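Novice: Below is one structure. I have some questions about it.
The values are calculated or read from the model by the stated rules, or taken from the named source; none is laboratory data. Please read these numbers as outputs of a predicted model, since none were measured by experiment. All Cβ positions, even for glycine, are placed from backbone atoms using ideal geometry, and neighbour counts span all protein chains on display. Please note that ligands, DNA and RNA were not included when accessible areas were found on the heavy atoms of the full protein model with its side chains. Shrake-Rupley method; radii C 1.70, N 1.55, O 1.52, S 1.80 Å.
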Amino acid sequence: MIVIGLTGGIAMGKSEVARILQAKGVPVFDADKEVHRLYDSPEGGGLVKPVAPTAVMDGKVERTRLSRLVLADPGLLKKLEAIVHAEIRKRRQHFLDTQRREGRGLVALDIPLLFETGAEKDVDVTVVVSAQPAIQHERAMARPGMTEEKLAMILKRQMPDAEKRARASHVIETNGTLDQLHGRVHDVLRQIRKEHAL
């Protein structure tokens, strides 16, 4: 089974690429969605409570409150990541084991901090989703609750786009239309299947 590591900075269009991959029959594990599921569960509340008790309400993690706490205390982010990443890694492994049992030839792991966390060593191919800086900024600022301060903090944690592109096996640009994007994803998938004789 060939594992694609799908990554890209905030608002680069990675979720759209993941949707296209799924539509083309490639199962995708979405790390961000998994974090949201975790935070919305009593299990997530239990994991976060020891490091950020005021962010847990009714047994679940209140994300807006947690976001404010992280902005006020950068040290909290490291503690949170250590706890959350360990749980997400377990869930990711479960996904891979299940797909392998089902005989899948190709799967994708959507991991925003793929290179930053060293997770690229766990995949066979890396695909970076990229867009021009002005487009990225415009898309990011259109998100609910986004501020320049919050965006700056997110970008500071992410490896520069140029470095990601340099390290990637494949780059998919999302500056054009949705049709063009479908074509690019199709081309990259075809290349990957050819390289790995799938």
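Novice: What's the magnitude of the charge dipole for region 1-115 around its Cα centre, counting Lys and Arg as +1 and Asp and Glu as -1 at the beta-carbon? Answer in Debye, nearest 20. Each step should come with its number before you reach the end.
Specialist: Numbers: 19 positive and 14 negative charges, 32 e Å.
It comes to approximately 160 debye.
Novice: Please report, largest first and rounded to whole Å, the three semi-axes of the ellipsoid equivalent to region 124-164, where each semi-axis is the square root of five times an eigenvalue of the C-alpha gyration tensor. All intermediate terms of the calculation are to be shown ahead of the outcome.
Specialist: Working: eigenvalues 89, 29, 18 Å².
In descending order the semi-axes read 21, 12, 9 Å.
Novice: For region 62-172, report the convex hull volume of the alpha-carbon atoms normalised per residue, in Å³, without decimals.
Specialist: Values: hull volume 15.0 nm³, N = 111.
It is 135 Å³ per residue.
Novice: Viscosity 0.890 mPa s, temperature 25 °C: Stokes-Einstein D of region 58-123 from its Kirkwood Cα radius, in µm² per second?
Specialist: Numbers: Rh = 14.2 Å.
Translational D for this selection: 173 µm²/s.
Novice: Ok, one more. Which order do His196, His186 take by accessible area at a 1.4 Å probe, largest first?
Specialist: The residues order as His186, His196, largest area first.
Novice: Check cross-link reach from Lys79 to the lysines: straight Cα distance under 29 Å, and skip same-chain residues fewer than eight apart.
Specialist: Lys14, Lys33, Lys49, Lys60, Lys90, Lys121, Lys150, Lys156, Lys164
Novice: From Cα coordinates alone, what are the radius of gyration and Dmax values for the chain in angstrom?
Specialist: 17.4, 52
Novice: Tell me, in nm to one decimal, what length is gained between Ser41 and Gln132 on full extension, where the rule is 0.36 nm per residue of separation less the Cα-Cα distance? Write out the running numbers ahead of the final one.
Specialist: Details: separation 91, 0.36 × 91 = 32.76 nm, distance 3.64 nm.
That works out to 29.1 nm of additional length.
Novice: List, largest first, the extents of the alpha carbons of region 31-79 along their principal axes, each in whole Å.
Specialist: Reported extents, whole Å, longest axis first: 24, 23, 17.
Novice: Further, regarding this structure: Label points 7 Å out from Cα along the Cβ direction at Ser67 and Arg167: separation in nm?
Specialist: Inter-label distance under the simple model: 2.6 nm.
Novice: Below 8 Å between Cα atoms, with a sequence gap of 6+, how large is the relative contact order for region 63-198 in percent?
Specialist: Values: 64 pairs, mean separation 33.2, N = 136.
For region 63-198, the relative contact order is 24 percent.
Novice: Using bins 10 angstrom wide from zero, how does P(r) for region 18-110 break down, in % of all Cα pairs?
Specialist: The percentages, shortest bin first, are 15, 41, 26, 16, 2.
Novice: Extension gain Arg143-Met57, at 0.36 nm per residue separation less the Cα-Cα distance, in nm? Intermediate values should be presented prior to the final figure.
Specialist: Numbers: separation 86, 0.36 × 86 = 30.96 nm, distance 2.42 nm.
Length gained, Arg143 through Met57: 28.5 nm.
Novice: OK, next. Tell me, what % of the accessible area of the chain is carbon and sulfur with a 1.4 angstrom probe?
Specialist: Details: 5640 of 10680 Å².
The computed percentage sits at 53.
Novice: Please compute the per residue accessible area over the chain with all protein chains in place, 1.4 Å probe, rounded to a whole number of Å². Before the final figure, lay out each step's value.
Specialist: On the way: 10680 Å² over 198 residues.
Per residue, the chain has an accessible area of 54 Å².
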